[in-house]
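**Q** Pasting in a structure now, in structure tokens, and then I'll have a few things to ask.
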Amino acid sequence: MRLELWGTNADRGEHEPKDEDVTDDITDPDEPQDEGSADPVMLRKGFGAADLPVTPPPLDLGFGREVRETAAALAGLGTWQPPTLGLASGLTEFTRNLSVLDESARQIRALTASLDSVIRPALWVGGQLKHRTALDGIARGLLELASVHDTVRRSLDPFFQNYKAQWQSIFETLAEMVRRAFPANLREAEATLAELEPLLLDEGIPLMWVPRAATVSALLDAPDAGTRRRIIGQRWRGIITDCEAVLDNVTHPDLRDDRGFARDVASALKAGHTNAAQALAANLLDSILQHHLDDALRVQLTKNDFKTKGVKFKMDDHLFMTACTFAPVWYAHAKYFPKNNDRIPRTFGRHPSVHGVSRTQYSRINAVYALMLVTSVIKYLDGELL
């Protein structure tokens with residue numbers, strides 16, 4: 001009984017080497033991974049969906065569609081362009097407020113543009129009429145209007161130039177703030193939101209805080225999903241080291257046991273007990289979600305109807321850190337029902353790890369995926385729980 005997940009042939013195990021045959025012929029430096037920064041919105045223990053509003057507090061640093069539309073409307077005022085991944089956040093409201101300040105300038109530009117539409121043909125008409133005595137008054141009036149228009153435009157040019165410089169400075173500052181909001185591994189890899197989205201959402205690769213920047217860069221540069229799985233299989237030892245370093249920096253007391261079990265997953269993997277490691281990681285993930293999220297939010301973050309309805313995780317509904325951390329969690333919760341004769345997927349899944357124990361689902365690569373996933377979630381909660 002197998003579940004066929006969406007994706008490439010590599011995802012389904014067709015024409016690809018077995019995961020167990022992948023060796024670690026690529027080595028990484030062993031220095032600890034910087035734990036990165038946490039999302040600024042603090043949530044209580046057992047926080048719920050109501051704590052993650054579609055219009056969030058003004059200090060969040062994700063980007064929503066409204067931000068992109070506003071920035072496009074202001075394209076004439078600066079060259080900075082926001083990342084393309086759709087994530088709703090407080091920056092949407094912040095940019096909307098800034099756009100109010102721009103309203104007067106836009107009205108003036110609209111006025112001058114409207115005058116242009118009149119003046120340009122008027123100048124031509126005036127030139128045709130200036131030698132006809134009966135129409136001299138009309139010609140003089142049109143030329144005077146053109147002169148006034150030019151005077152207004154020249155007087156406003158310094159204002160527009162200064163205004164443009166101010167907007168450019170604001171956008172450059174926001175771009176730097178967004179860059180610093182990324183965890184250290186993504187920041188050092190110079191990853192963009194547009195690059196991250198398909199790996200997080202369509203392949204379920206956990207990338208928040210782990211693995212290290214060099215591995216993230218290799219994954220981003222890889223041509224396809226199968227190559228990315230092989231990279232993770234080749235660098236599994238370095239990834240375990242990265243996870244241990246991040247877990248060592250988790251300090252919230254409510255996560256002490258979770259961190260300890262995650263370290264047990266890492267130890268089992270290093271000792272070659274891959275099946276035990278994957279089983280523990282899958283159940284630890286479920287326990288973490290059950291313990292720290294209320295039911296409504298947990299369902300919202302894990303309900304995966306892609307197979308039956310073609311509906312993906314809605315990253316626009318969540319803040320930046322939440323969306324990027326839980327998109328792979330959603331992916332790992334693809335439906336799997338043995339009673340429906342679903343095929344067991346080759347990619348890591350929470351349900352087949354519990355209900356479809358097999359050589360197809362259990363592998364060292366999937367155990368590494370599971371460790372990365374629980375590490376990311378634990379580190380996320382370390383910055384969110386009060």
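**Q** Of the residues 198, 223, which single one is without any contact (Cβ under 8 Å) to a residue 24 or more places away in the chain, in a helix (DSSP H, G or I) and under 22 Å from the mean Cα position of the chain (by Cα)?
**A** Checking each option against the conditions leaves just 198.
**Q** For the subset of the stretch 262-306 comprising residues that are in contact (Cβ under 8 Å) with a residue 12 or more places away in the chain and in a loop (DSSP other than H, G, I, E, B), which member is surrounded by the most Cβ atoms within 10 Å (Cβ to Cβ)?
**A** 294
**Q** Kindly indicate the residue of the stretch 246-256 that is touching a residue at least 12 places away in the same chain (Cβ under 8 Å) and open to solvent by 10 Å² or more (accessible area, probe 1.4 Å) and also farthest from residue 212 (Cα to Cα) among those meeting that condition.
**A** For the stretch 246-256, the residue satisfying everything is 254.
**Q** Here's a follow-up. Under the condition of being open to solvent by 10 Å² or more (accessible area, probe 1.4 Å) and under 17 Å from residue 241 (Cβ atoms), which residue from the stretch 201-216 is farthest from the chain's Cα centre (by Cα)?
**A** Per the criteria, the residue is 214.
**Q** Then there is this: Against the condition open to solvent by 60 Å² or more (accessible area, probe 1.4 Å) and more than 23 Å from residue 203 (Cβ to Cβ), how does residue 259 come out, does it pass?
**A** Against the criterion (open to solvent by 60 Å² or more (accessible area, probe 1.4 Å) and more than 23 Å from residue 203 (Cβ to Cβ)), residue 259 qualifies.
The values are calculated or read from the model by the stated rules, or taken from the named source; none is laboratory data. None of the values given here were measured: they were computed from a predicted structure. All Cβ positions, even for glycine, are placed from backbone atoms using ideal geometry, and neighbour counts span all protein chains on display. These area figures cover heavy atoms from the full protein model, side chains too; ligands, DNA and RNA do not enter into them. Shrake-Rupley method; radii C 1.70, N 1.55, O 1.52, S 1.80 Å.
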